[in-house]
Amino acid sequence: MRSVKRSSLRRREEVAGWLFALPWIVGFLAFTAGPMTASAVFAFTDWNIMQPMHWTGFDNIKRALTRDPLVWQSLKVTTIYAFVSVPLQIVLGFAIALLLNTDIRGLQYYRTVYYLPAVLSGVAVSLLWRWVYAPDFGLINSLLASVGIRGPGWLGDSRWALPALIGMSLWHVGGPMVVYLAGLQGVPTDLYEAAEVDGASWGMRFWHITIPMMTPVLFYQLVTGIINALQVFTQALIMTDGGPHNATLFFMLYLYRNAFDYFKMGYASVLAWILFFYILLLTVLVVRSSRFWVFYVGEVRGR
């Protein structure tokens, strides 16, 4: 009798578990697995939404890899943006977290001020920075003019447009800063006390205690930062529309143009899969490299 009750309770728990998981399962099938499967099929077709699709085999893939220079231009722009902006965001966010991890007056106020920009929408921030970078009346050039320096054209200059967007990316360091701050507060204080007793300077404590203990957080921010940076879209669309002279033609913007400006759904699907595998490759490389520089408390080396 007791075993029957136990099995009945187990079945009810299983049913309850599946019911709780059902919204996520439905959402995953409808909004992730389903669209990815459809995209994999569309990649081998020529389809403009308004007419029946035609099977073209590997033509879209060949065109993207060998006959479309804008694919490689957009991939280059996106890669440069990711490989420059992500390290800058990590260094600046970590530095701010170190400053906000001290005991100073108004600490909660400063933490709020630095985090607040991270909650603003991408479109609003893009419009704000368009004014900041405006060549004639923008904030930056006005400040430069006040000290006798003629500022560049920024978003209208192919040499400065991408650096301008990279500089704008530092606006959101408040989000990672909160994660760094949580990691810093999780470092055991007895490690610092023991090192201080042994005569270690601040620099030695930072290099031999803070950095190793923070490597899991740095690793997480590096992976997520690369993934997010390779999918940049809103800034380029609102601020430059990929110009001037394709200097800010990010891969996601080029994909969007093919899908919703030119209605080349098959070709856009190929571009989506190229970006997917590129992000996957870089993520795997970063994850594989973590064994050489990421330290986890309690792990035993050599096992």
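Read-outs: derived from the displayed coordinates by stated rules, not from any lab. What you see is a predicted model; the values in this text were computed from it and never measured. All Cβ positions, glycine included, derive from the backbone under ideal geometry; neighbour counts span all protein chains shown.
Points to keep in mind about this one:
- MRE, 222 nm, helices only [DSSP H, n ≥ 4, -39500 (n - 2.57), over the chain, to nearest 500]: -20000 deg cm²/dmol
- Among 119-125, 204-210, 266-272, 156-162, sorting by the average number of other beta carbon atoms lying within 10 angstrom of each residue, highest first, gives 266-272, 156-162, 204-210, 119-125.
- Mean shadow area of the range 10-59 over all directions, Cα convex hull, nm²: 5.1
- Taking amide hydrogens as placed 1.01 Å from N in the peptide plane, the amide H of Thr45 sits under 5 Å from those of Thr56, each at least 5 positions away in sequence or on another chain.
- Per-residue extension of 0.36 nm, minus the Cα-Cα distance of Gln185 and Lys76, leaves a gain of 35.4 nm for this segment.
- Cα gyration tensor, the range 15-131 - rounded (a/c under 1.5), prolate or oblate: oblate
- Calculated FRET efficiency for the pair Ser8/Val123, C-beta based, R₀ 41 Å, to 0.05: 0.15
- Only Lys, Arg, Asp and Glu carry charge here, each on its Cβ (+1 for the first two, -1 for the last two); on that basis the range 67-293 has a dipole of about 560 debye about its Cα centre.
- Most positive-pole-ward Cα, Leu255, Phe58, Leu271, against dipole of the chain from beta carbon charges: Phe58
- With a cut-off of 15 Å between beta carbons, the residues surrounding Arg111 carry a summed charge of 0, where Lys and Arg count +1 and Asp and Glu -1.
- Applying Stokes-Einstein at 25 °C and 0.890 mPa s to the Kirkwood radius of the range 67-293, computed over alpha-carbon pairs, gives a translational diffusion coefficient of 124 µm² s⁻¹.
- Whole-Å semi-axes of the ellipsoid equivalent to the range 107-153 (Cα gyration tensor, √5λ, descending): 27, 16, 5
- The range 60-100 pair-distance distribution - Cα-Cα, 10 Å bins, rounded %: 26, 28, 21, 15, 9, 1
- Rounded Å value of the spacing that divides the Cα centres of the range 1-80 and the range 130-176: 39
- Averaging the sequence gap over all C-alpha pairs within less than 8 Å and six or more residues apart, then dividing by the number of residues, gives the chain a relative contact order of 27 percent.
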